[in-house]
Structure formats: structure tokens, C-alpha cells
Amino acid sequence: MQAGGVKDRRMLSEINVTPLVDVVLVLLIIFMVTTPMLQRGTDVQLPTARVSEVKEEERITLTVTRDNRIYVNNEQVSRDNLEARLRALAASGKERVLYFRGDARVPYGLVIDVMDAIKSSGIETVGMITDRPGPR
């Protein structure tokens, strides 16, 4: 107040950032909670092995589930179209490595059919993805 009893009516030019910070923090928490839910995979019970190591790189992953469904990079493929799909992926020119994930209960005949399709498609390097055994 000024000396004569009249209010000082100057405007404040400061910006209140507290509501902005609150909104940003709430959005951050929402994204942190929902992001892991967006990554979906195919449910497979993998066999165990003592050494289980996969290098991170651009790769082809072939999955065979216990109900005999075949997935190439999380896309379901029929047995008849498997070789053509793998041939298309292998045609990129550089050496391609395929990583095979098969359920432990998959029939041996199906594994042989899938491996035959892999070799026929021109992919020479196949890695097997396994689980590490638990503590004894």
C-alpha cells in the first residue's frame, strides 16, 4: 500500500510453474507404468542350458509354441509359408542369423521340419535360445 491508503495495482510478471510441474510428473508416472505393458511377446516355456547368451543386434527370431504355432519376429506364419517368409528376410544381402525359440514340449518332427525350412531358405547360422537353470 502506498502512503495515502490507495492499493498498489501493479501486475506481477512471474509465471507460476507449479501446475506445469505437477502435470509433467503425472504424465511421466503414467508413461513409466504403461510402457512395460506395451511390450508383448509369445508365451513359450524354454528348455534350460548352462550357457545362454544372445548378442543384441538386428536379428530374426523364430518361435514354435507348445500348440505348434510358428512365429517369425512375433508374426504368426503357417508351415507352408515359413520357407518363403524366411527367404524374404534372408535376402537382405548381409549374413543373417536366426535365433530359434522352441517350447520344450514341441514334437521333434516339427522341430526338424522347421530346421529344414530354415536351411532351405539360405540362412546358415542358427542360434538356440534357452533358459538358464535355476539355483539348485
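The values are calculated or read from the model by the stated rules, or taken from the named source; none is laboratory data. The model shown is predicted, which means the values in this text are computed figures rather than measured ones. Cβ: placed from backbone, ideal geometry, glycine included. Neighbour counts: every protein chain shown.
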- Task: Could you check how many residues of the stretch 74-131 are on the phi > 0 side of the Ramachandran plot and loosely packed, with under 13 Cβ neighbours inside 10 Å?
- Result: 2
- Message: Give me the residue from the stretch 72-116 that is within 17 Å of Arg59 (Cα to Cα) and acidic (Asp, Glu) and, out of that set, modelled with the lowest pLDDT.
- Response: Glu95
